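Bear in mind that the values in this text are calculations on the coordinates, not laboratory data. Only a predicted model underlies this, so the values are computations on that prediction, with no experimental measurement involved. Methodologically, a virtual Cβ is constructed for each residue, glycine included, from the backbone with ideal geometry; neighbour enumeration extends over all protein chains shown.
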Amino acid sequence: MQNVTIQFLTNLVEHHQALAYTVIFLGLVIEGEFFLIFTGIMAHLGAINLWVAFLFALAGVFGKTFFGYALGKYLFKKFNHNKFFKYIRKRVYHFLPHFKQRPFWSIFVSKFIMGANNVTIIFSGFEKVSYRKFLRAETISNFIWTPAVLSLGYVFSYTALKVSHEIWRFSLIVLVFIILFIIFDRVISWAYGLFEEFYSNEIEE
């Protein structure tokens, strides 16, 4: 039997599902990975319906796609020469040095680099990337990234409950999994950076 504290949390979310799905939608518009992992955990605990949560998560990531690009276009009109956007440009090109030459691939990859996608979406509108190319990259990556990260949260919760039903141990195990996920993401980002550097040297030669 689940620890009463976990059951309390599950019941709390279950009795406020409209609010929970709204939070999922808004959370995916604003952030991404952590909200989606938590959604997977709640789905496994039975507090929310997995498929309904998946639809709200998809709505959130596509909401970010459309809103972010439109925001980028607006900011270009209003603040084209602002120093802050020079910083944003520098940050994007740090993660994605071939953004201008390969915008589709850069937008697609940014979805899987923690902290890069939000900036990349806005930057795509700011740089006036072809909307068709931008939307194609975002659509493909959204349909891969969303179920993948949602499933991670589900697996984290399933594994943590197998080890312990006590709330603090459960939370600690989930936290360890999240830290490992962040480390893995950083390693992937580092590996992609090396690939980009190697690719650049190949082109120059």
Exercise for the section: Pull out the extension gain between LEU180 and SER164, defined as 0.36 nm times the separation in residues minus the alpha carbon to alpha carbon distance; nm, one decimal. Expected result: 3.9 nm
Practice task
Obtain the nm distance between the two label points defined at ILE188 and LEU12 by a simple spin-label model: each point lies 7 Å from its Cα along the Cα-to-C-beta direction.
Solution key: 3.1 nm
Problem - Which listed pairs, of LYS83/LYS133; LYS78/LYS128; LYS78/LYS111, have C-alpha distances above 25 Å, in listed order - result: LYS83/LYS133; LYS78/LYS111
Fill in the blank from the handout: Result row for the chain, helices from DSSP H with C-alpha axial extent 18 Å or more and mean Kyte hydropathy at least 0.0, is 17-30, 50-79, 131-163, 167-204
Fill in the blank from the handout: FRET efficiency (LEU26, GLN101; Cβ distance; R0 35 Å; to 0.05) is 0.50
Problem - Computed label-point distance, nm, for sites TYR87 and ILE144 using a 7 Å Cα→Cβ extension - result: 3.2 nm
